Amino acid sequence: MLEFVKTLDATGGIKPFPNYEFAHRVVEGLLRERILIVAKSRQMMATWTVAAVTLHRALYDSPGLYLFLSKGARDSSELVKRLRIMVANLPGDLKEGIKIKSGEAEFPNGSRIISLPATEFAPRMHSPSGVFWDEMAFTANSEGIWASLKPAIDSGGSFVGVSSPNGTDNIFHALTTIRPTALEG
């Protein structure tokens with residue numbers, strides 16, 4: 001990521017991926033854990049970090065389907081915009097054959113990343129290799145969405161949920177307060 005991935009800084013334009021300790025810890029967690037819940041404060045690059053790792057997986061792992069979920073249509077579009085920035089700034093040979101259109105990226109190896117608003121129906125017709133749910137604590141009906149994601153996760157798909165806290169009445173809070181082994185069983 002530090003060598004090839006670029007991000008969009010609100011005040012400074014396109015910049016190299018920052019060398020933040022937090023980002024290193026998120027990447028280590030993503031590589032080590034099948035289910036990862038990331039509680040964060042704002043502006044920590046967690047969304048960029050997870051999107052970059054998913055981009056790497058889509059490029060280099062066995063062909064798979066990866067879902068990006070966020071709290072609404074505008075937010076899910078923003079995830080694709082971040083992906084588009086990262087791909088556009090890759091060296092020519094790495095971005096060759098990647099097609100990004102509205103809500104989706106397709107890769108030469110057959111992998112796809114689809115970005116959808118988080119609803120309980122969004123994951124139902126998909127069997128994702130990995131799911132990234134951004135802004136989990138700010139998503140309406142998060143318990144119903146989690147229930148619809150759980151079968152894909154239970155069958156071996158990876159999951160990462162990222163959010164800053166937003167009270168106690170959401171699945172993000174519930175998942176950050178249980179023992180890690182409880183997620184598996």
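Counting only protein heavy atoms and a 1.4 Å probe, tell me what percentage of the chain's accessible area is made up of carbon and sulfur.
Values: 4940 of 9480 Å².
Carbon-and-sulfur percentage of accessible area, whole number: 52.
Give, in nm to one decimal, the length gained when the segment between A73 and T177 is fully stretched (0.36 nm per residue of separation minus the Cα-Cα distance).
In short, 34.6 nm is gained.
What is the chain's relative contact order, in percent, from Cα pairs under 8 angstrom and six or more apart in sequence?
Numbers: 314 pairs, mean separation 45.1, N = 185.
With pairs under 8 Å counted, the relative contact order is 24 percent.
When you count, for each residue, the other Cβ atoms within 10 Å and take the mean per peptide, how do 126-132, 72-78, 83-89, 7-13 rank with the highest first? The partial results should precede the final answer.
Numbers: 126-132: 20.9, 72-78: 15.1, 83-89: 18.3, 7-13: 10.9.
Packing proxy ranking, top to bottom: 126-132, 83-89, 72-78, 7-13.
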Over the chain, how many pairs of lysines fall under 19 Å by alpha carbon, counting only those 8 or more apart in sequence or from different chains? 12
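Can you work out the accessible area per residue across the chain, with the rest of the protein chains kept in place, probe 1.4 Å, in square angstrom?
Numbers: 9480 Å² over 185 residues.
Result: 51 Å² of accessible area for each residue.
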Label-point separation (nm) for S102 and R32, each offset 7 Å from Cα along Cα-to-Cβ? 4.2 nm
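For the chain, give the magnitude of the charge dipole about the Cα centre (Cβ charges: +1 Lys/Arg, -1 Asp/Glu; no others), in debye to the nearest 20.
Numbers: 20 positive and 19 negative charges, 54 e Å.
Using Cβ point charges on Lys, Arg, Asp and Glu, the chain gives about 260 debye.
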From the helices alone, meaning DSSP H stretches of at least four residues, give me the mean residue ellipticity at 222 nm for the chain, per-run term -39500 (n - 2.57), in deg cm²/dmol to the nearest 500. -11500 deg cm²/dmol
For the residue pair D9 and S41, what label-to-label distance in nm results when each label sits 7 Å from Cα along the Cα-to-beta-carbon direction? 1.9 nm
Between T168 and R25, what's the calculated FRET efficiency when r is the beta-carbon distance and R0 is 25 Å? Round to 0.05. 0.50
Of T11, S70, S142, farthest towards positive along the dipole that unit charges on Lys, Arg, Asp, Glu beta carbons give the chain: T11
Quick calc: nm separation of the 7 Å Cα→Cβ label points for L90 and N141 -> 3.4 nm
With springs connecting C-alpha atoms under 10 Å apart, model the chain as a Gaussian network and identify which of R57, R32, R124 has the largest mean-square fluctuation. R32
What is the Cα coordinate range of the chain on the first, second and third principal axes, sorted by size from largest, in whole angstrom? 43, 34, 31
Relative packing of peptides 17-24, 35-42 - highest average C-beta neighbours within 10 Å first: 35-42, 17-24
Sequence ranges 135-143, 169-177, 63-71, 94-102, ranked by mean other-Cβ count within 10 angstrom, highest first: 63-71, 135-143, 169-177, 94-102
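Just to be sure I understand: of the beta bridges DSSP finds with both ends in the stretch 12-141, what percent are antiparallel, rounded to 5?
Values: 6 of 16 bridges.
Expressed as a percentage, antiparallel bridges in the stretch 12-141 total about 40.
The values are calculated or read from the model by the stated rules, or taken from the named source; none is laboratory data. All values reported here derive from a predicted model rather than from experimental measurement. Please note: Cβ atoms are built from the backbone with ideal geometry, for glycine as well, and neighbour counts cover all protein chains shown. Areas reflect the complete protein model, heavy atoms only, side chains present, ligands, DNA and RNA absent. Shrake-Rupley method; radii C 1.70, N 1.55, O 1.52, S 1.80 Å.
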